[in-house]
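Readers should treat all values here as calculations from the given coordinates under stated rules, not as data from a laboratory. Please read these numbers as outputs of a predicted model, since none were measured by experiment. Here the Cβ positions follow ideal geometry from the backbone for every residue, glycine too, while neighbour counts run over all protein chains shown.
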Amino acid sequence: MFLLEPGTGTTGIDNNADAHFKAVLLGASEALQIVHGKLELGTWQSIFFAEMDGPGHRIVNLTILKIE
């Protein structure tokens, strides 16, 4: 195991490594199906947004693909 001595770390650390770790575990994107204009979810499925880095402004990007 490699440990840094006090004062030898990088500068500019934002002190939110736990938020980055949680984001890696949960993932940053999801693909969902819309069938006949309705979200296709299973009986026990739902969608939630988890903010791991404190309150802030976020942009949600949606890409809709039509398959015929």
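For a paramagnetic label modelled at 7 Å from the Cα of Ile64 toward its Cβ, which residues of the stretch 32-56 fall within the zone defined by backbone nitrogen distances under 16 Å? In the stretch 32-56, the label zone of Ile64 (backbone N under 16 Å from the point 7 Å along Cα→Cβ) covers 32-40. Packing, taken as the mean count of other beta carbons within 10 Å per residue, orders the peptides 40-50, 17-27, 56-66 from highest to lowest as 17-27, 40-50, 56-66.
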